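Okay, so here's the structure we're looking at.
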Amino acid sequence: MKIPLKEQLRRTLRRDLWIAIAPATVLISIAFAVTFYFVKPAPPKKLVIAMAPDEGGFRYFARKYQEALARDGITLELKQTQGSVSSVKLLTEESGAVDVAFVQSGTVGADKAEGVVSLGSLSYIPLWVFYRGEPLEDVRGLQGKRIAVGPEESGTRALAMTLLGANAVDKAPTELLPFGRDEAIEQLKQGKIDAVFLVAPAESPAIKKLAAVPEVRLLSFGRADAYTRRFPYLSKHVLPRGVFDLAADVPERDVVLLAPTANLVARDSLHPALAYLLMRTASSVHGSAGLLDRSGEFPAPLEAGFPLSSEARRYYEAGVPFLQRYLPFWAANLVDRLWVMLVPIIAVVVPLGRAVPAFFLWRVRSRIFRWYARLKEIEIQLEENPGQEMLLDMVKRLEEAEREVNRIPVPLAYAENLYFFREHVDVVRRRLLRRLSGASDNKDVKEVVAQQAS
């Protein structure tokens, strides 16, 4: 069964199209597959933060973060721990149950917190040493006393043991008691213990109340400079006289304090977009002034005992990423992830967008252009003064070439190439006819000439 010419045209064009498009499709697919390998995954919609409710005002800060992150569609789940030591341990676990944590600086050495990085310091949280008895100038005077140093896993205990150990006061007959904050304060008020170590913000109501209790003194660190040199995560601060209560003059003198910092730490695998979002939140929550903090001083890349993350370093050097300055979090993250897709578009799709049509055109033209070889061969033979028989044979070959070219399926958009060829055939035909008409008086030859001329 003979296939209609239109059907042949459709089949041929479909084959040409697939031959042109298939390699381009494969190249584009490979380019996008490679690009997807480097595209950052979308950040999770939930974060888990570990914090000790009795340390550094962490409970209050955690709720502020909850509210701020919720506005950007991120759920912050709070996980309470016994202290900063416990919080860091949760971050180092392979289970990944905790993503970020509020911790006190100097709590755990970097060698014991592999995979944990700092997003920055958030505020100063002073060490308060309240005691009963005669005035003291340093923790050395607590030798042989009953001292509440905080629960086993707390940052308060870690710092207290560091300072007491440095002064050789942590051994008997000194009695170290693991009381929590509220219990320790009550025991000190009742005179059942001699001293208490507390780490809390200067704005803490519990600290203000305890500072006003008669017969309870607040230790002023006379050797604060020495401590800050020995322990870089500590800083020296002066609590001004009367700052708690001007009317009652509490405290009754300037007090030199040592202060670690509250820090936001995270797993080193935390999604970069979430890291930047957390630091933006920290800037809004911790950027105001306090009794010891200046406005805009925090967050800051201070020494915390943990390496600073690469995102935090860029944030403190250059500020908020460009996209997050002007777009909502979800939009900025989407654009940041999808811009990588421009690589295959620019490097592959755009060039192929030009190459595929050109290749398709070449495929169509090549079917016609190959017959130009036949046309050129006839012209060359004409230059050799062929005889009558040769001229007639050349006419037949020219007719055959024209007939075959007319059967080539060509899209309408490229039909001009077909008509150009036919014009060239007519040029050669006229030369042949002139040669034939002048070469013979044969009747048959003249009929051929007349037929071709018509």
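The values are calculated or read from the model by the stated rules, or taken from the named source; none is laboratory data. Predicted model, so just to flag it, every value in this text is computed and none were measured. Neighbour counts are summed over all protein chains in view; Cβ atoms, including those assigned to glycine, are modelled from backbone coordinates with ideal geometry.
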Quickly run through the stretch 291-311 and pick out the residues that are buried (at least 20 other Cβ atoms within 10 Å of the Cβ) and within 26 Å of the chain's Cα centre (by Cα).
Phe298, Pro299, Leu302, Ala304, Gly305, Phe306, Ser309, Glu311
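Sort out which residues of the stretch 381-411 are part of a helix (DSSP H, G or I) and polar (S, T, N, Q), and write them in order of number. It would help to see each step written out before you state the result.
Start the filter on the stretch 381-411 by keeping residues that are part of a helix (DSSP H, G or I), which leaves 381-382, 388-406.
Result: Gln381, Gln388, Asn406.
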Which of the residues belonging to the stretch 127-150 are assigned to a loop (DSSP other than H, G, I, E, B), touching a residue at least 60 places away in the same chain (Cβ under 8 Å) and surrounded by fewer than 22 Cβ atoms within 10 Å (Cβ to Cβ)?
Gly133, Pro135, Leu136, Glu137, Asp138
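For Leu122, state whether it is touching an Asp or Glu at 6+ places or on another chain (Cβ under 8 Å) and surrounded by 22 or more Cβ atoms within 10 Å (Cβ to Cβ).
no
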Looking at this structure, is Leu361 surrounded by 17 or more Cβ atoms within 10 Å (Cβ to Cβ), over 30 Å from Ala273 (Cα atoms), modelled with pLDDT under 80 and not hydroxyl-bearing (Ser, Thr, Tyr)?
no
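Among the residues of the stretch 273-290, count how many are part of a loop (DSSP other than H, G, I, E, B) and surrounded by fewer than 15 Cβ atoms within 10 Å (Cβ to Cβ).
Total satisfying the criteria: 3.
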Would you check if Arg63 is among the basic types (Lys, Arg), outside any loop (DSSP other than H, G, I, E, B) and not assigned by TED's automatic domain parsing to the domain that holds Lys236?
yes
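Being among the aromatic types (Phe, Trp, Tyr), at pLDDT 90 or above, within 28 Å of Pro328 (Cβ to Cβ) and within 24 Å of the chain's Cα centre (by Cα): is that true of Tyr37 here?
It is false that Tyr37 is among the aromatic types (Phe, Trp, Tyr), at pLDDT 90 or above, within 28 Å of Pro328 (Cβ to Cβ) and within 24 Å of the chain's Cα centre (by Cα).
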